Amino acid sequence: MKKYDISTPGPIGIFDSGYGGLTILENIRRVLPEYDYIYLGDNARTPYGTRSFDVVYHYTLECVNKLFELGCNLVVLACNTASAKALRSIQQIDLPLIAPERRVLGIIRPTVEILNQYTKTKHVGIFATPGTVQSDSYPIETKKIHPDISLSMEACPMWVPLIENNEHLSAGADYFVEKHVKALLSKDSQIDNIVLGCTHYPILLPTITKFLPKDINVISQGEIVANSLKLYLQNHQEIDVKCTKNGQIEYYTTESIEKFINTASIFLKEKIDAVNITI
């Protein structure tokens, strides 16, 4: 197994199985604009949400290793499925062997940590991919941090394909969003906040809110993760000094460059260039 040297500062790596992590990256750049970033989308092998734990773990580890090769000393898994199915194994098993001084962070724990700041009823709903729901990561983390909060989860397998095929404004999207909104609310009538537990889902926010009662708040992860990362870097100067700060960003994809750029335009408000990379 290859070992990595942390002696040279580098950009912060942002990883996602597809495009949803761009919503996290956009918020991180808004909060921490001075840092350099590399975004890696494993678009050729997406979606991760329906794959097994072992497959998601191996795919995620391969992409983390690739970001290490590109010089990243800190990697954020901007993907709920990867955070749910791979983060703990990478942190506890792989990093001590290959890169003990590098860090890999997820997005589930930062989200769970602030739930008590939102909910008054202590009843929270979560829309997520089937993989994230099956992992039980949200209930497990919530029980550790906020044992008084009750979670209800709803798997939404069609939402990511709708977004990535630019059908999120279609009648078909309305059908699938309304279906899962009704299913989630039928599980618990006391829900007062709903977490978008997939980084793609903010694209569907206007449609989701159309079918939700007005007194239910929707929580997107981008700003939460960005603020959490800012605090992490403030509290871990030994990592912060290993992150370069030139305000630059590079995009890598395992898919075709043209497809990545076209689909990324759904998520970003700027034109980008990208590089194809083999994992």
Using a Förster distance of 22 Å, how high is the FRET efficiency between Glu250 and Asn227, based on the Cβ-Cβ distance and rounded to 0.05?
-> 0.40
For Lys144, go through the aspartates and glutamates and keep the ones whose alpha-carbon is under 16 Å away, minus same-chain ones fewer than eight residues off.
-> Glu113, Asp136
Compactness of segment 37-113, expressed as Rg and Dmax over alpha-carbon positions, Å | 11.7, 32
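Roughly how many Å² is the accessible area per residue of the chain, as a whole number, for a 1.4 Å probe? The partial results should precede the final answer.
On the way: 12300 Å² over 279 residues.
About 44 Å² of surface per residue is accessible.
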Segment 9-40-segment 49-93 distance, computed between alpha-carbon centres (Å) | 15
Can you send over the solvent-accessible area of Lys259, 1.4 Å probe, protein chains only, in Å² to the nearest 10?
-> 80
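Say the cut-off is 19 Å between C-alpha atoms; which of Lys120/Lys214; Lys122/Lys187; Lys122/Lys210; Lys179/Lys214 go over it? Don't jump to the answer; show the numbers that get you there.
Details: Lys120/Lys214 15 Å; Lys122/Lys187 14 Å; Lys122/Lys210 23 Å; Lys179/Lys214 17 Å.
The answer is Lys122/Lys210.
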Which of the lysines could a cross-linker bridge to Lys271, judged by Cα under 22 Å and excluding same-chain residues fewer than eight apart?
-> Lys245, Lys259
Label segment 206-279 by shape, choosing from rounded, prolate and oblate, from the square roots a ≥ b ≥ c of the eigenvalues of the Cα gyration tensor; if a/c is under 1.5 it is rounded, and otherwise prolate applies when a/b is larger than b/c, oblate when it is not.
-> oblate
Measure nothing but the geometry: give the 0 to 90° angle between the long axis through the Cα atoms of 171-187 and the longest principal axis through the Cα atoms of the chain, rounded to 10°.
-> 70
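Can you give the Kirkwood hydrodynamic radius for segment 136-200, in Å, rounded to one decimal and based on Cα pairs? Before the final figure, lay out the partial values.
On the way: mean 1/r = 0.0751 Å⁻¹.
It is 13.3 Å.
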Considering the dipole of the chain built from charges on the beta carbon (Lys and Arg +1, Asp and Glu -1) around the Cα centre, which of Tyr138, Ala44, Leu162 is farthest to its positive end?
-> Tyr138
Helix 222-235 axis, angle to the chain major axis (alpha carbon atoms, nearest 10°) = 40
Overall form of segment 59-196 per C-alpha gyration tensor (a/c, 1.5; a/b vs b/c) = oblate
Lys259 versus Ser7, label points 7 Å from Cα toward the beta carbon: distance in nm?
-> 4.0
Cα axis of helix 21-31 to longest principal axis of the chain: angle in degrees, 0 to 90, nearest 10?
-> 70
From zero up to wherever the largest Cα-Cα distance of segment 78-142 sits, split into 5 Å bins and tell me the percent of pairs in each.
-> 3, 16, 25, 21, 15, 11, 5, 3, 1
What size of dipole, in debye to the nearest 20, comes out for segment 50-172 about its Cα centre when the only charges are +1 on Lys and Arg C-beta atoms and -1 on Asp and Glu C-beta atoms?
-> 340
What shape does segment 160-237 have by the C-alpha gyration tensor, where a ≥ b ≥ c are the square roots of the eigenvalues, rounded means a/c under 1.5, and otherwise prolate means a/b greater than b/c and oblate the rest?
-> oblate
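How long is the gain from Ile140 to Tyr175 if the chain were fully straight, where each residue apart is worth 0.36 nm and the alpha carbon distance is subtracted? Write down the numbers at each step before the final one.
Numbers: separation 35, 0.36 × 35 = 12.60 nm, distance 3.08 nm.
9.5 nm is the gain from fully extending Ile140 to Tyr175.
Based on DSSP H runs of at least 4 residues, each adding -39500 (n - 2.57), what is the mean residue ellipticity at 222 nm of the chain after dividing by all its residues, to the nearest 500 deg cm²/dmol?
Values: 13 runs with 114 residues, N = 279.
Theoretical 222 nm ellipticity from helices: -11500 deg cm²/dmol.
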Dipole of segment 79-139, positive end: most advanced residue of Gln92, Val112, Cys79 [Cβ charges, Cα centre] = Val112
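Sort Val275, Val133 by accessible area with a 1.4 Å probe, largest first. Each step should come with its number before you reach the end.
Working: Val275 70, Val133 35 Å².
So, going from the largest accessible area down, we get Val275, Val133.
The values are calculated or read from the model by the stated rules, or taken from the named source; none is laboratory data. Values in this document were obtained by computation on a predicted structure and should not be read as measured data. Cβ sites come from the backbone with ideal geometry, for glycine too, and all protein chains shown count toward neighbours. Please note that ligands, DNA and RNA were not included when accessible areas were found on the heavy atoms of the full protein model with its side chains. Shrake-Rupley method; radii C 1.70, N 1.55, O 1.52, S 1.80 Å.
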